[in-house]
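The values are calculated or read from the model by the stated rules, or taken from the named source; none is laboratory data. These figures come from a predicted structure and were not determined experimentally. Heads up, the Cβs are rebuilt from the backbone with ideal geometry, glycines too, and the neighbour counts pull from every protein chain shown. The accessibility values were calculated without ligands, DNA or RNA, using every heavy atom of the protein model including side chains. Shrake-Rupley method; radii C 1.70, N 1.55, O 1.52, S 1.80 Å.
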Amino acid sequence: MHRLREVVIETTKQCNLNCIHCGSDCGHKTTEDELSVEEWRDVLLQLSEMKVGKVVFSGGEPTLKDGFETLLAFASVLGLKVGFISNGLFAFSESLQEVISRCNPFAVGLSIDGLKQAHNKIRKNQNSWQGLMQNISILQNLGVQICVVTTLHKLNYHELPRLASFLDLVDVDSWQLQLAMPSGRMKNQVNLLINEDDFKKICREVLVLRKFYPNINIQSADCFGLAPENSIRSDYWAGCPAGISAMAIDACGNIMPCLSLQDSQRCENIKNKPIVEIWEKSSGFDFNRKFTNKNVKGRCENCKLLSECRGGCNSQSFSYYGYFHSSPFCFTRSFYQ
Amino acid sequence: MNNAIGLIKEDLRRHRVTVTLPGEQEEKSLYLILITAKTKKFKDFVETYGNKVTTTHRKIAQKVFGVWETENVYGALIDENMQMIFAFNRDFADYDKTKKAIVFKDIDDVLIDRIEVKKIELEESEALPIGPKERGRRNPDNIGEWLIKYSLAEKKNKIT
C-alpha cells in the first residue's frame with residue numbers, strides 16, 4: 001500500500017498572467033466544468049480522512065478562485081498542512097491576509113523568474129514585479145515563510161547569481177529551482193529550453209549558491225535528477241514520487257500522478273469515485289508503482305543507479321520523449337558518469 | 001559684498017533651467033546647482049519615494065545604502081532671491097532637459113542597480129561532493145524528500 005503524503009491541487013485554470021513558460025497553458029478564463037467550492041471542500045475532507053500530510057493549492061492563479069479563502073481556511077481547520085503558490089501580481093486582499101494569518105501555511109510560494117526586467121518580460125506584464133514586492137512585504141509582515149519558485153530556461157538562468165543576491169537581501173526563506181520543459185505554452189518555445197551545457201552551468205551555480213547563501217533554503221526540484229545529499233538539494237531523493245507518495249487533482253477533478261503530467265496520465269475523476277479508491281486501485285499510477293528496470297529506455301537505460309531514482313522526473317521525461325523513466329537532465333549523469 | 005553677489009548671479013545664469021516642479025502645473029525659471037554633502041542616503045530614499053516604500057524596499061535599502069552618512073550629490077533648484085525651492089538626491093532623480101522636469105528613477109530599479117554580485121569561485125573538488133551510491137533495497141517508507149513542480153520547499157529550521 002502506498003501512503004499518500006502530498007497532494008497538489010489545481011485550484012483553477014484561470015490566471016491573470018500569460019507567462020511564456022506556463023506548463024499548464026493557463027489563460028484568463030475558467031473552464032465550465034471546474035469544481036465548485038463545495039466539491040473542493042469534499043475533496044479536502046476526503047484527503048484529511050486519508051491522513052494526507054501536505055496540500056498545495058496551485059493553479060492557474062489560486063487567489064482568483066471564488067471561495068479560495070474558504071478552501072484555505074477549511075483545509076487548515078481539517079488539520080492539513082497547507083501552502084499555496086501565487087504569481088503575486090496583485091497585493092493580497094485584506095481578507096486573504098486575515099485567512100493566511102489564521103491558517104499559518106507552511107509556506108506561500110511566489111513565482112519569481114528573474115530580476116525586474118527579466119521577470120516582467122517572462123510574465124509579459126510590466127507591473128508583475130511591483131506586485132511581488134508588495135506581497136513579499138505582506139507575507140513577511142504576517143510572519144509567513146516565503147518560498148520563491150524560479151523556472152529556469154535560456155532567458156533567465158544567467159541571472160541566478162544576481163537573483164540570489166537579491167533574495168538574500170530580501171530574506172526569503174526558501175528558493176525552489178525548477179527547469180522549464182516542453183509542455184503547455186513552452187511546447188511552442190523549445191528554443192528557450194536549456195541544453196546539457198546550460199544544465200551543467202546551472203548545477204555548478206546552484207552548488208556554489210547553496211554554500212554561499214546558507215540562510216536561503218535553496219532546493220533543486222526533482223527535475224534535476226539524482227544527486228548526492230547536500231549538493232544541489234539538502235536531502236536524499238528517492239526518485240519521482242508521482243503516484244508513489246504524491247498526486248495531483250486538476251481544476252475539473254481529474255486525478256493524476258503529477259500536475260505536470262496533464263498531457264499523459266489521467267486516472268479518474270473525483271466525481272465518479274472516492275479518492276481513496278482511485279489512489280489505491282487506479283492503474284494510472286502503475287507506470288511508477290510497478291516500475292522495473294525493464295521499463296526503461298533512452299538516456300537512463302544503462303545507469304547503475306537506476307533502481308535508486310527510477311529514471312528521474314517523469315514529467316520531464318514524458319514531455320521531452322513521450323515516455324517515462326528517462327530524465328533528460330540528471331546531475332549524477334552530468335557530473336559523475 | 002555686493003560685487004560677489006553680482007558675480008554669483010552672473011555665474012548662476014549658466015545654470016538657469018525651465019522646470020515644472022513635481023506636483024505643479026506651471027513652468028518656472030530657476031537655477032539648478034549641484035551640492036555635495038555627507039548625509040544619509042537611506043533617509044533620502046525614504047523621503048524621495050514616500051508611500052511607495054514597502055517593508056521589503058525598506059529592508060533592501062537599509063542593506064544596500066547603509067544607515068550611516070556618505071557623500072551624496074544633490075540637485076538644488078534656487079530662485080532669483082537665492083531661496084531653495086526644491087532639492088533632490090541625484091541617485092534617485094535628475095533634471096530632464098527635454099521634459100523640463102525632475103524625473104524620478106523607478107524605486108525598484110534604484111535598488112536592483114545596487115545589487116552586488118559576490119564573486120564566488122570554489123575549487124572543483126570543494127564544489128562537487130562525492131557522487132551518490134547505490135543504497136540497495138530500501139525500507140518502502142523511507143522515501144526521502146521530493147520537490148515536484150507545483151509543490152513548495154519548506155525551511156525546516158526556521159526560528160520564529
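Quick notes on this structure:
- Just one residue in the set A:112, A:100, A:85, A:122 is at the interface with chain B (Cβ under 9 Å from one of its Cβ atoms) and in contact (Cβ under 8 Å) with a residue 12 or more places away in the chain; that residue is A:85.
- Among the conditions (1) open to solvent by 10 Å² or more (accessible area, probe 1.4 Å); (2) at pLDDT 95 or above; (3) away from chain B (no Cβ under 11 Å); (4) more than 30 Å from residue A:290 (Cα to Cα), residue A:196 misses just one, which is (4).
- For segment B:61-82, residues that are part of a strand (DSSP E or B), within 25 Å of residue B:118 (Cα to Cα) and either polar (S, T, N, Q) or open to solvent by less than 80 Å² (accessible area, probe 1.4 Å) (or both) total 2.
- If you go through segment A:207-235 and keep only what is facing chain B (nearest Cβ under 7 Å), outside any loop (DSSP other than H, G, I, E, B) and either aromatic (Phe, Trp, Tyr) or open to solvent by 30 Å² or more (accessible area, probe 1.4 Å) (or both), you end up with A:211, A:212.
- Failed condition for residue B:44, given (1) open to solvent by less than 40 Å² (accessible area, probe 1.4 Å); (2) acidic (Asp, Glu); (3) over 24 Å from residue A:168 (Cα atoms): (3)
- Which listed residue is polar (S, T, N, Q) and either within 25 Å of residue B:65 (Cβ to Cβ) or part of a loop (DSSP other than H, G, I, E, B) (or both), from B:36, B:18: B:36
- Residue check, residue B:159 more than 7 Å from chain A (Cβ to nearest Cβ) and at pLDDT below 70: yes
- Unique residue being modelled with pLDDT under 95, away from chain A (no Cβ under 14 Å) and either surrounded by 13 or more Cβ atoms within 10 Å (Cβ to Cβ) or in contact with a Gly (Cβ under 9 Å, 6 or more places away or on another chain) (or both) when the list is B:12, B:32, B:7: B:12
- Taking the conditions (1) in a helix (DSSP H, G or I); (2) open to solvent by 30 Å² or more (accessible area, probe 1.4 Å) in turn, residue A:316 satisfies each one other than (2).
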